[in-house]
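Worksheet: one structure, shown below.
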Amino acid sequence: MFHLLDIIGTIAFAMSGALTAISKKLDPFGVFIIAFVTAVGGGTLRDVMIGRTPVGWMQDLEYVYVIALAFVLSILFRRKFDKLRTSLFLFDTIGLGVFTLIGLEKGINIGLHPIICIALGTMTACFGGVIRDILCNEIPVIFRKEIYATICILGGIVFFMLKKLHLNEDILYLSTSAVIISIRLMAVKYKWYLPVLDRN
Amino acid sequence: MFHLLDIIGTIAFAMSGALTAISKKLDPFGVFIIAFVTAVGGGTLRDVMIGRTPVGWMQDLEYVYVIALAFVLSILFRRKFDKLRTSLFLFDTIGLGVFTLIGLEKGINIGLHPIICIALGTMTACFGGVIRDILCNEIPVIFRKEIYATICILGGIVFFMLKKLHLNEDILYLSTSAVIISIRLMAVKYKWYLPVLDRN
Amino acid sequence: MFHLLDIIGTIAFAMSGALTAISKKLDPFGVFIIAFVTAVGGGTLRDVMIGRTPVGWMQDLEYVYVIALAFVLSILFRRKFDKLRTSLFLFDTIGLGVFTLIGLEKGINIGLHPIICIALGTMTACFGGVIRDILCNEIPVIFRKEIYATICILGGIVFFMLKKLHLNEDILYLSTSAVIISIRLMAVKYKWYLPVLDRN
């Protein structure tokens, strides 16, 4: 179940990367790399920083195949993207929840402090998109528009609060994902933004 | 003493990041990340490249707390920044000296060649700012304007020359910092620049 | 022989970085860093991701000296660059072939899957240029213009096909390099491009 959600999230992230790259008029190689980096960039950065090498996707080819599939789908359906926007948004939100949990887990496994684990969860879920935006020569969208990373941080806090209750691990994971996914859906529906800090 | 200077430098670097991000109209999450990355980015890059993982700030929460403090101070005092410019410049210069020394030391500890140690010192002191500028979609300021990295390189050379004299370690560290800090103050006062290389 | 080609490739990559940086009006420190990063950035990224630390150039000063030489040559000959364009293009193509092979080899040495080895070869040969372009605030040229990375991927596939024939290792390496170098020369001569994917 959790593994299936990971795959769905990976596809959604790869497609978001591919579609950004297509709109920037990159060639197919560029589109593939941006798709790849958007999907695994956050986890790669996390693995490199904690010393978990060779990084994850080098040891599990499933990610490579799934991203290749997402790349092909993006190219085939690139003209119908507007109709798929809602499904993609849902998949992306699932990815946000699952990737945060995977990052939290890696930090816990090597005994890092909860604050650092939350940072790793947020990095896993959000920094693929940051690298995508840098490669496309944009200021990363999560630094200036939507509430996105903030939701991962909240999800991480909820996770450690629930963990104190000694819940069954499945319930712990599912509740945290549910919290992240619900806040994200509400944030977009009700247009929650962080205020820009004015200098004047 | 040295540790106090490290903290002062971290605060100064984080504030320089936060103020750049505020002027780019990022949201508070973006401001925090840019502050964080400016303060610890150089050291993180160094740790990743030498294989010192999990990277430094993941194992010492003090940096996280200090950067959070600098973030709050930057937001509170963002309108008074012009009055604080001189103090911030001094703190930043202290950071330049201390971070260079920390980088040199990590290289020496694992037995790398002095040239590589100087590269690590320069990276520690300067590449947080490079990552800040890339995330803010600018060509890094240290590649085109001020003498900044060059001072770290000079400081590193002085360090290894003094080291041959078998000075007491405290004196070695303090003299190198003093050299870096004095050159930087003079460079700004007398407007020393590296010439741009003209193609014509 | 192979080592000599590695040196020629490093010089070519460093000069391509230096000349890009000069055209962006960076100062000499900026020019040196961009030259350095273009030459060793791909291999550094590879080493960090597979956990081969301290990364290659920290353990073999020869690269540092060769890049310093390329930097000096670029500055001296920067006004004659147009006349040198053909030689530089040839050197760069040699670098493309050699760096791909070095990346493939590192992956094989630690037992990674051929697909991942090909990714490592492509990364080694192409991502120095990607980092150069990001530092110069451009969308990486290999994502939008020339066939370049695609040739490394083809070269990698040829390598593993030839490897099945149990050729002598020297012949295996020379044939793969020859394939990469020939395709690149033809791609430029006959203006082969990947098509841009149109959204409409």
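A few comments on the model shown:
- GNM remark for chain A: springs join alpha carbons under 10 Å apart, and the peak mean-square fluctuation among A:A119, A:A12, A:A187 falls on A:A187.
- Test item: Cα-centred dipole of segment A:1-145, Lys/Arg +1 and Asp/Glu -1 on Cβ, debye: 500 debye
- Rounded to 10°, Cα long-axis angle of helix C:2-23 versus longest principal axis of chain C: 40 degrees
- According to the calculation over all Cα-Cα pairs in segment B:125-200, the P(r) per 5 Å bin from zero is 3, 14, 19, 18, 17, 13, 8, 4, 2, 0, 0 %.
- Distances from B:H113 to itself in the other copies, using label points 7 Å out along the Cα-Cβ axis, amount to 3.8, 3.8 nm in increasing order.
- The angle separating the long axis of helix C:114-135 from the principal Cα axis of greatest extent in chain C is about 10 degrees.
- Cα-projected label distance for A:V141 with C:Y190, points at 7 Å along beta-carbon direction, nm: 3.9 nm
- The Rg/Rh ratio of segment A:30-147, with both radii computed over alpha carbons and Rh defined as the Kirkwood radius, is 0.98.
- Hydrodynamic analysis of segment C:115-161 uses the Kirkwood radius over alpha carbon pairs. Inserted into Stokes-Einstein at 20 °C and 1.002 mPa s, it gives a translational diffusion coefficient of 193 µm²/s.
- Cα-based helix-to-principal-axis angle, C:81-109 vs chain C, degrees rounded to 10: 40 degrees
- Based on alpha carbons, the Rg and Dmax found for chain C are 16.5, 51 Å.
- Here the label points at C:L4 and B:F2, each 7 Å from Cα along the C-beta direction, are separated by 4.8 nm in the simple model.
- Highest-fluctuation residue, C:G107, C:G156, C:G56 considered, GNM on chain C with Cα pairs under 10 Å: C:G56
- Local electrostatic count at B:G128 - Lys and Arg +1, Asp and Glu -1, tallied over other residues with Cβ under 13 Å: -1
- Percent of C-alpha pairs per 10 Å bin, the protein assembly as shown, short to long: 3, 16, 27, 27, 18, 7, 1, 0
- Inter-chain Cβ neighbour average for residues C:133-141, partner chain, 10 Å: 5
Only the coordinates and a few stated rules stand behind these numbers; no lab work does. All of these numbers come straight from a predicted model, not from anything done at the bench. FYI the Cβ positions are ideal-geometry reconstructions off the backbone, even for glycines, and counts take in every protein chain you see.
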